[in-house]
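Only one structure is covered here, and it is reproduced in the block below.
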Amino acid sequence: ARDWSRTAVGHPDSWPAELRNTVALMLGSRFPMFVAWGKELTFLYNAAYVYLLDNKHPAALGSPLPQVWPELWPQVRPLIESTFSGQATIGEDVTRIIRSNGRDEPRTFTLSYSPVRAADGVVAGAFCVIRETTARTRLEQRQAFQLRLSDALRTLTDPGQIMTVTAELLGTHLNASRVLSGDYDCDQQLLTLHSNFTLAPAVPLVGTFPAASFGIENFKSAENGATWVCDDMANDLRTSAGNVFPAFDALGIRSAIAVPHHRNGSVISQLFVNDSKPRAWRPDEVQLVEDVADRMWNAVERARAEVALVHADRRKD
């Protein structure tokens, strides 16, 4: 359907054999691939590559590479120039910011660039084969974070310090605007917030508030033992109605995860992760916050029990 006469490479009937063969190789592969052809770096790619383009497809097909990826061009340009000089290049676990499902997120890839030579031996194009490694690198990063958390909690005996250190490590790992803990008084339906980690422009959120001021749906989820996840307060029916969103917005909270902690069937506390912008929380991120909350509260309960035991022994003395 593309009017190739309006592109730098012209109609496919006029393409040199080297370009036709490269395109045929791409179309027959299930790996994401692209070729940047000629001085204009005309961008051609296969169906497996389309998911990386998001809404850039199909306009990207036949367009100059720098025009398709202006945000990545400073990183890609040296690789293209090296390839056109005749050097094959490979980069492992290279991070690229890719827009997907309406959000920008870091993804990692192994990229293999190879020169494509014309009949006279001159490099006429750069051919790239891509393998996404995001799942593996995220798993490795998550495992490394969990080791850091275990090492940090192992030496801590003060409940407040346990919560503060956990908030800092989790907030840094997730690049969240704020991570904090809250204790519930279910009789009075009050929530006392403490142990904040914050990244500017977010400010620490400390004090006692009516639980309902953070949304009745959040409070209901906590009572039911369910994690509450919101990607965008402004567009979520649970928070956009009434005065709930303005209250969150005033606190710099646009998206959030809240994991409850129960004792004897009643919610006694929550671990909150906030972001100051809309954020499509990934399932692995939600699971990580739930795991961290469980480990943190277990460590806090042990520390409190040890403190209570020491006080009891002192009273006996």
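The values are calculated or read from the model by the stated rules, or taken from the named source; none is laboratory data. Since this is a predicted model, take the numbers as computed values, not measurements. So basically every Cβ, Gly included, is an ideal-geometry build from the backbone, and we count neighbours across all protein chains shown. Quick note on the areas: whole protein, heavy atoms, side chains included, nothing else; ligands and nucleic acids left out. Shrake-Rupley method; radii C 1.70, N 1.55, O 1.52, S 1.80 Å.
Of the residues I80, I97, ranked by 1.4 Å probe accessible area with the largest first, the sequence reads I97, I80.
Evaluated at q = 0.07, 0.16 Å⁻¹, the base-10 log of the normalised Debye intensity for the chain, with identical point scatterers placed on the Cα atoms, takes the values -0.43, -1.20.
For the chain, the longest principal axis of the alpha carbon atoms and the long axis of helix 134-154 meet at an angle near 30°.
Annotation: amide H-H contacts under 5 Å for N46 (H modelled 1.01 Å from N, sequence separation of 5 or more, or interchain): M33.
To the nearest ten degrees, helix 159-174 and the longest principal axis of the Cα atoms of the chain are 10 degrees apart. Per-residue SASA remark: D231, around 70 Å² accessible (1.4 Å probe; ligands, DNA and RNA not included). Once the Cα atoms of helix 283-316 and of the chain are each reduced to a long axis, what angle between those two axes, in degrees from 0 to 90 to the nearest 10, is obtained? In the chain, helix 283-316 runs at an angle near 30 degrees to the longest axis.
Here the sum of -39500 (n - 2.57) over DSSP H runs of 4 or more residues, divided by the residues of the chain, equals -12000 deg cm²/dmol at 222 nm, to the nearest 500. Remark: region 188-317 carries 52 Å² of accessible area per residue (probe radius 1.4 Å; ligands, DNA and RNA excluded). Amide H contacts under 5 Å for R117: A124, restricted to partners 5 or more places along the chain or on a different chain, H placed in the peptide plane at 1.01 Å from N.
Amide H contacts of A8: none lie under 5 Å away among residues 5 or more positions distant or on a separate chain (H built 1.01 Å from N in the peptide plane; Pro and chain starts excluded). Can you tell me, using C-alpha contacts under 8 Å and at least 6 residues apart, the relative contact order of the chain as a whole percent? Relative contact order comes out at 11 percent. Measuring nothing but protein heavy atoms, the accessible surface of region 124-283 at 1.4 Å probe radius is 53 percent carbon and sulfur.
Roughly speaking, what is the centre-to-centre gap between region 128-169 and region 214-283 when only Cα atoms are used, to the nearest Å? Between the Cα centre of region 128-169 and that of region 214-283, the gap is 23 Å. Counting only protein heavy atoms and a 1.4 Å probe, region 1-157 has 55 square angstrom of accessible area per residue. In a fully extended conformation the segment linking L237 and D249 would gain 2.8 nm over its present Cα-Cα distance, using 0.36 nm per residue.
Sorting H194, H262 by accessible area puts them as H262, H194; the probe is 1.4 Å, largest comes first, and only protein heavy atoms count. For region 42-130, the set of GluC sites (Glu not before Pro) satisfying both a DSSP loop assignment and a count of at most 13 other C-beta atoms within 10 Å is given as E71.
Across region 81-96, computed HN-Hα scalar couplings (Karplus, 6.51 cos²θ - 1.76 cosθ + 1.60, θ = phi - 60°) run 5, 5, 5, 5, 7, x, 9, 6, 9, 10, x, 9, 6, 6, 8, 10 Hz from first to last residue, x flagging Gly and Pro. Couplings for region 63-76, taken from phi via the Karplus curve 6.51 cos²θ - 1.76 cosθ + 1.60 with θ = phi - 60°, read 8, x, 3, x, 6, 6, 10, x, 6, 9, 4, x, 7, 7 Hz in order; Gly and Pro are left as x.
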